1. What's the total number of residues in region 97-110 that are on the phi > 0 side of the Ramachandran plot and surrounded by 10 or more Cβ atoms within 10 Å (Cβ to Cβ)?
2. Only one residue in Ser63, Ser75 is at pLDDT 90 or above and surrounded by fewer than 20 Cβ atoms within 10 Å (Cβ to Cβ). Which one?
3. Output the residue which, of all residues in region 121-135 that are outside any loop (DSSP other than H, G, I, E, B) and not hydrophobic (A, V, I, L, M, F, W, C), is farthest from the chain's Cα centre (by Cα).
4. Would you point out the residue of region 78-96, among those that are in a loop (DSSP other than H, G, I, E, B) and surrounded by 13 or more Cβ atoms within 10 Å (Cβ to Cβ), that is nearest to the chain's Cα centre (by Cα)?
5. Kindly establish whether Thr72 is within 14 Å of Ala43 (Cα to Cα), in the same structural domain as Leu121 (by TED's automatic domain parsing) and free of Cβ contacts under 8 Å to residues at least 24 places away in the same chain.
Amino acid sequence: MTRPARSLVLFLLVLPAFLVGCAAVGSQSPGAESQAAAINPLATYPAPATGMDALLRGTLRLSNGCVTVEGTDGSLAVPVFPSGDASWHDGVLTWQGHEYREGDSVEFGGGGGVPSKIQYLPEGCGDHQTWFVGP
């Protein structure tokens, strides 16, 4: 077999493996996003150096895979935490060393923010107002 023919055969053998590998990069199994939301119902944004000083006060709620704060008027706001600063495990929100459960009264300093700054927003949060929790 000539050198060009060997090169062509090698190329044809390697090409399918390369294409399969490329197709797998960035792909998720069906439902992977909803599974991630079920595991982590917390919205996040890149952690800033400083924060705002307004106060969100209400009752912690979890519905449709989204953590919200229900105000006294019944309105819902999605607290968006600095990435890596809060966690949710077995129905418990841990934030700055404190643990909160659904139905607990909560207060989070922060303020309104630009929705495009949100790094992760669980699917179930829909069109609720967002609240950027200060660091």
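1. Result for region 97-110: 2.
2. Values: Ser63 fails: at pLDDT 90 or above.
Checking each option against the conditions leaves just Ser75.
3. Gln129
4. So, considering only residues that are in a loop (DSSP other than H, G, I, E, B) and surrounded by 13 or more Cβ atoms within 10 Å (Cβ to Cβ), the one nearest to the chain's Cα centre (by Cα) is Ser83.
5. Numbers: within 14 Å of Ala43 (Cα to Cα): no; in the same structural domain as Leu121 (by TED's automatic domain parsing): yes; free of Cβ contacts under 8 Å to residues at least 24 places away in the same chain: yes.
Answer is no for this residue.
The values are calculated or read from the model by the stated rules, or taken from the named source; none is laboratory data. Bear in mind that the values here come from a model prediction, so they are computed numbers and not experimental data. All Cβ positions, even for glycine, are placed from backbone atoms using ideal geometry, and neighbour counts span all protein chains on display.
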